[in-house]
Structure formats: structure tokens, C-alpha cells
Amino acid sequence: MFVVFAIISLCIFIRTISYGIFEIKTNNNTFAGIVTFIIAIIGLVFPNIVIWVNGIY
């Protein structure tokens, strides 16, 4: 079950990073792109740590 959750998190991470790249390239909005990258990294790492520590019930 952990692998399925990790794959879903990775898909969300890729979509979020691609939106951050879009913000930087198309709209020249560097601040929003960097914040989006930070949110994507937190969204990839933190939920997987919580699932690893607490488990899925």
C-alpha cells in the first residue's frame, strides 16, 4: 500500500513542478514558481514520512 501512495504522491509532485515551471517561463512570476517548488517538495516528502511512521490503518 505504501508503494501505491508513493506513486500517487510522485504524480502530484510532477504536476506541481510542471506548473511551477509554467509560472516561471510563461508568466515570468519567479516568486510563485519558487513557492510552488517548495510546496511540491513538502507535498512529496511529508505525507510519505507520515505514512511510513504511522502506517495506513
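The values are calculated or read from the model by the stated rules, or taken from the named source; none is laboratory data. Keep in mind it's a predicted model, so treat the numbers as computed, not measured. When we count neighbours, we look across all protein chains shown, and the Cβ atoms used for this are built from the backbone with ideal geometry, even at glycine. Ligands, DNA and RNA are stripped out before the accessible areas are found, and what is left, the full protein with its side chains, is counted by its heavy atoms. Shrake-Rupley method; radii C 1.70, N 1.55, O 1.52, S 1.80 Å.
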A chain fully extended from Ile56 to Tyr19 at 0.36 nm per residue, minus the present Cα-Cα distance, gains in nm 10.4 nm
Charge tally in the Cβ shell below 13 Å around Thr36, where Lys, Arg are +1 and Asp, Glu are -1, Thr36 excluded:
+1
So what's the angle, to the nearest 10 degrees on a 0 to 90 scale, between helix 2-27 and the longest Cα principal axis of the chain?
10
Roughly how many percent of the accessible protein surface of the chain is carbon and sulfur, given a 1.4 Å probe and a whole-percent answer?
77
Probe 1.4 Å, protein heavy atoms only - accessible area per residue of the chain in square angstrom
78
Compute the acute angle (0 to 90°) between the alpha-carbon long axis of helix 30-54 and the principal axis of greatest extent of the alpha-carbon atoms of the chain; round to the nearest 10°.
0
Compute the length gained on full extension between Cys11 and Ala32: take 0.36 nm times their separation in residues and subtract their Cα-Cα distance, giving the result in nm to one decimal.
5.5 nm
